[in-house]
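These notes concern the structure reproduced below.
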Amino acid sequence: MGSKDSINISSLPKHIAIIMDGNGRWAEEKGKDRLFGHLNGVESVREVVEGAAELGVQYLTLYAFSTENWDRPLEEVSGLMELLADTIRKEVPTLNKNNIKLHVIGDINMLPVNAKNQLEEAIRETSSNSGLNLIMALSYSSRWEIVDTVKRIAKDVKDGIMQIEDIDQDSFHDKLVTGAFPDPELMIRTSGEYRISNFLLYQLAYAELVFTNTLWPDFRKEHLYEAIVDYQKRERRFGKTKQQII
Ligand code: IPE
Ligand code: IPE
Ligand code: MG
């Protein structure tokens, strides 16, 4: 029996977030350059998007490029940006066919103009879709997001649009760039690294974390199913006692 059959569809996570890591090591193992790993990671993205959409997951956030990744060698950064623009442009018909709505979180003003334009066009062209929400974290870091949110709230208070008393966990959450999305219940990181690397620090407060040694370019639907099955075995207590939640 495959893992898919073990998934309880009635208690699927609404929102899954993935740190797609290990492209470079995957390529290096094969004696290729790092970009070859990124190129092969695209197929894994297709697999998880399709897998999540088929199951009926509502939100899928993929960490594709962090603020810190800008400090990588220029050749890798420009290769990644080209791959990004190219992939997005090519995937729009498939996104539309599968009723998938694209969103982006991150400081997209940092992206090269071409990549930014392709992205904005893809967001527009998929905006009326009502199935899976695919959220790409690009030029994203959680500390950037939190500081940016604080600045926007401070401005609203200064402009009299918001009062200090209006700031609470709900209004703060709504002001984050992820404000329209529920918090992820499940976060998966590939490649055997056990860290968050500046990803959704606020939103992951109570997420279940699944770490796998699989390198991102080897990640397939079956790995997604396994992570969901693992998630469904966990007892989520949110600070309460076991007795309180049963
Ligand atoms: C993840 O793979 C993709 C990005 C961060 C853009 P890496 O490029 O980090 O691959 P490793 O971790 O060096 O193997
Ligand atoms: C995290 O991976 C960012 C993405 C997957 C986009 P990194 O490879 O940049 O993270 P570190 O440097 O290992 O923490
Ligand atoms: Mg990495």
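The values are calculated or read from the model by the stated rules, or taken from the named source; none is laboratory data. Here the structure is a predicted model, which is why all the values come from computation and not from measurement. A quick note on method: Cβ atoms are made from the backbone with ideal geometry, for glycine too, and the neighbour counts reach across all protein chains shown. SASA here: full protein model, heavy atoms, side chains in, ligands and nucleic acids out. Shrake-Rupley method; radii C 1.70, N 1.55, O 1.52, S 1.80 Å.
Annotation: extensible slack from Glu121 through Arg237 equals 37.6 nm (criterion: 0.36 nm per residue apart, minus Cα-Cα distance). Backbone N atoms of segment 20-50 closer than 15 Å to the 7 Å Cα→Cβ label point of Asp86 belong to residues 33-43. For segment 69-104 versus segment 156-219, the inter-centroid distance based on Cα atoms is 21 Å. With contributions of -39500 (n - 2.57) from each DSSP H run of at least four residues, the per-residue ellipticity at 222 nm computed over the chain stands at -14000 deg cm²/dmol. Each principal axis of segment 108-181 carries a Cα extent, and these read 39, 29, 21 Å when sorted largest first. Over all pairs of different C-alpha atoms in segment 49-138, the reciprocal of the mean inverse distance, the Kirkwood hydrodynamic radius, equals 13.5 Å.
Largest mean-square fluctuation among Glu222, Glu75, Glu121, in a Gaussian network model of the chain whose springs join Cα atoms under 10 Å apart, belongs to Glu75.
A Förster distance of 25 Å, applied to the separation of the beta-carbon atoms of Asp107 and Arg72, puts the FRET efficiency at 0.95. What accessible area, in Å² to the nearest ten, does a 1.4 Å probe give for Thr214? It works out to around 30 Å². For segment 138-243, the Kirkwood hydrodynamic radius from C-alpha pairs, put into Stokes-Einstein at 10 °C and a viscosity of 1.306 mPa s, yields a diffusion coefficient of 98 µm² per second. Overall dimensions of the chain, expressed as equivalent-ellipsoid semi-axes from the Cα gyration tensor (√(5λ), whole Å, largest first), are 27, 26, 18. The residues of the chain have, on average, 52 Å² of accessible surface per residue, using a 1.4 Å probe with all protein chains present. A dipole drawn for the chain from +1 and -1 charges on Cβ atoms has a positive end, and of Ile16, Leu84, Leu95 the residue lying farthest that way is Ile16. Alpha-carbon geometry of segment 1-69: the Rg and the Dmax are 14.7, 44 Å, given in that order. Taking all protein chains together, Leu39, Leu209 sort by accessible area into Leu39, Leu209, largest first [probe 1.4 Å]. Report the longest stretch of the chain that contains none of the chymotrypsin sites (Phe, Trp or Tyr not before Pro) sitting in a DSSP loop with at most 12 other Cβ atoms within 10 Å. Counting at most 12 other Cβ atoms within 10 Å as exposed, the longest clean stretch of the chain is 1-193. Element breakdown for the chain at a 1.4 angstrom probe: carbon and sulfur atoms account for 50% of the accessible area. Measuring against 26 Å, Cα to Cα, the residue pairs Lys14/Lys233; Lys4/Lys101; Lys101/Lys221; Lys30/Lys233 contain Lys30/Lys233 as the ones spanning a longer distance. When you restrict to C-alpha pairs under 8 Å that are six or more residues apart and normalise by the size of the chain, the relative contact order lands at 30 percent.
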